[in-house]
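Trainee: One structure is given below, represented as structure tokens, and several questions about it will come after.
The values are calculated or read from the model by the stated rules, or taken from the named source; none is laboratory data. Bear in mind that the values here come from a model prediction, so they are computed numbers and not experimental data. Note that each Cβ is placed from the backbone with ideal geometry, even for glycine, and that neighbours are counted across all protein chains shown. Protein only, heavy atoms only, side chains kept; ligands, DNA and RNA dropped before computing areas. Shrake-Rupley method; radii C 1.70, N 1.55, O 1.52, S 1.80 Å.
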Amino acid sequence: LADREHTAFLHGLYISDKDRDRDAQKDAIVQFSGRGAAARDITAIHRLLADAFGASEGSLRLLAGLQAHTATFMSVAAIGQTVMLLSEQAGGHYNTHAILQRLGLRTVDMPIDSDRLCIDRAATLAMIDAVQPDFVFVDRSEGLRYEDFSFIGQLEGPTTIFDASHFVTQILTRRYENPLAWGFDLMLFTVHKSFPGPQKAAIVGRESGELWARLQRGLSTLVSSSHVENTYLTGLVLLREEWLESYCRRMLDTASALEAALL
């Protein structure tokens, strides 16, 4: 609440998340007069975000998780390409298949090992070899089980994307392994679920390069406002390292207590 008192004046302001020099400003279609300092702040917050997750690049332009799914694939995929992802039975988001299919993408499910309550690695790798998907998307939409998907990150060929919305603080505090360290190309997440931030979604990239450039071009087209107040609030939360450690510890203790009670 104290943070919001200091950032409320930013609510609703249109501010570019690109720190442009004067020549670049002249070439820009839309001008934001007198907001250069704020654009530099946003650049610094994006750098803070990327560094926190061991990424090369980061962006807080997005507002919510399903918007992140939609905008990401609209930016980096082409109609007719194939995405392998989780079924709802395996904890995948119940809307992701419909979104991707509406975008003209073909979807296939990772096979499930029902006895062990996890993805069947051998069957998944065999299906990847047979189907040759363009993307593999781990869109786990429940947070009580953190499954080892390092075998997906090690794949060569498909672009690999991980939705960490329910695991953000655990990854940030290094209690859970980082999907980028597993080799995933992109990691997207909301900051209003396991991370105690405002309504916002983030995306970080393991490497700079054409994939990230293509994503940024798409986001610039698809998302007109970066909703800068929530960007600042997310940055302020990222700076509270000790508080995040305590928050994460209490959250995991609560999850363990819930699991014990359910059993």
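Trainee: Could you pull out every one of the lysines with an alpha carbon less than 24 Å from that of Lys26, ignoring same-chain neighbours closer than 8 positions?
Mentor: Lys18
Trainee: Using modelled amide H (1.01 Å from N, peptide plane; none on Pro or chain starts), what sits under 5 Å from the amide H of Gln81, excluding residues fewer than 5 places away?
Mentor: Arg106
Trainee: Express the relative contact order of the range 119-197 as a whole percentage, based on alpha carbon pairs under 8 Å and six or more residues apart in sequence.
Mentor: Once normalised by length, the contact order is 30 percent.
Trainee: Gain in length, Asp27 to Ser224, computed as 0.36 nm per residue apart minus the alpha-carbon separation, to one decimal in nm?
Mentor: Taking Asp27 through Ser224 to full extension adds about 69.2 nm, to one decimal.
Trainee: Would you work out the charge dipole size for the chain about its Cα centre, treating the Cβ of every Lys and Arg as +1 and the Cβ of every Asp and Glu as -1, and quote it to the nearest 20 debye?
Mentor: It works out to roughly 740 debye.
Trainee: Comparing Gly80, Gly205, Gly183, which has the greatest mean-square fluctuation in the GNM of the chain with Cα pairs linked when under 10 Å apart?
Mentor: Gly80
Trainee: Give the accessible surface of the chain per residue, rounded to a whole number of Å², with probe radius 1.4 Å and ligands, DNA and RNA excluded.
Mentor: I get 51 Å² per residue for this part.
Trainee: The chain: longest stretch without exposed chymotrypsin sites (Phe, Trp or Tyr not before Pro) (DSSP loop, at most 15 other Cβ within 10 Å), sites themselves excluded?
Mentor: Longest site-free region, per DSSP loop and neighbour criteria: 147-263.
Trainee: Report the extension gain between Glu259 and Leu155 in nm, rounded to one decimal, defined as 0.36 nm multiplied by the number of residues separating them, less their alpha carbon distance.
Mentor: Contour length minus Cα-Cα distance gives 34.2 nm.
Trainee: Quickly work out the Arg175-to-Gln132 label distance, labels modelled 7 Å from Cα along the C-beta direction, and quote it in nm with one decimal.
Mentor: 4.3 nm
Trainee: Restrict the search to the range 56-163; then list the trypsin sites (Lys or Arg not before Pro) that DSSP places in a loop and that have at most 14 other Cβ atoms within 10 Å of their Cβ.
Mentor: Taking the range 56-163 and a limit of 14 other Cβ atoms within 10 Å, the loop trypsin sites (Lys or Arg not before Pro) found are Arg116, Arg145.
Trainee: Rounded to the nearest 500, what is the 222 nm mean residue ellipticity of the chain from helices alone, with -39500 (n - 2.57) per DSSP H run of 4+ residues and division by all residues?
Mentor: It lands at -13000 deg cm²/dmol.
Trainee: Please identify, among Asp253, Asp23, Asp51, the residue showing maximal mean-square fluctuation in a Gaussian network model of the chain using a 10 angstrom Cα cutoff.
Mentor: For the chain, modelled as a Gaussian network with Cα springs under 10 Å, the answer is Asp23.
Trainee: On to the next question. Over the chain, what is the relative contact order in percent, taking alpha-carbon pairs closer than 8 angstrom and at least six residues apart?
Mentor: RCO, the chain: 26 percent.
Trainee: Using only the Cα atoms of the chain, each taken as one equal point scatterer with no solvent, compute I(q) by the Debye sum, divide by I(0), and report log10 of the ratio at q = 0.09, 0.10, 0.14, 0.17 Å⁻¹.
Mentor: Debye curve over Cα of the chain, log10 I(q)/I(0) at q = 0.09, 0.10, 0.14, 0.17 Å⁻¹: -0.42, -0.52, -0.99, -1.38.
Trainee: Summarise the accessible area of the chain (1.4 Å probe, protein heavy atoms) by the percent that is carbon and sulfur.
Mentor: The value for the chain is 50 percent carbon and sulfur by accessible area.
Trainee: What is the gain in length, in nm to one decimal, between Phe9 and Met74 on full extension, counting 0.36 nm per residue of separation less the C-alpha to C-alpha distance?
Mentor: Taking 0.36 nm per residue and subtracting the Cα distance, the gain is 20.2 nm.
Trainee: Which Rg and Dmax, in Å, describe the Cα atoms of the range 125-263?
Mentor: In order Rg, Dmax, the Cα atoms of the range 125-263 give 16.6, 48 Å.
Trainee: Here's something else I'd like to know. Taking springs between alpha-carbon atoms closer than 10 angstrom, which of Ala77, Ala37, Ala164 fluctuates most in the Gaussian network model of the chain?
Mentor: For the chain, modelled as a Gaussian network with Cα springs under 10 Å, the answer is Ala37.
Trainee: To check you understand DSSP bridge types, tell me what percent of the beta bridges within the chain (both residues inside) are antiparallel, rounded to 5.
Mentor: Of those bridges, close to 45 percent are antiparallel.
Trainee: Picking from Ser150, Gly197, Cys118, whose Cα lies most toward the positive end of the charge dipole for the range 106-203 (charges on Cβ: Lys, Arg +1; Asp, Glu -1)?
Mentor: Result: Gly197, furthest along the dipole toward the positive end.
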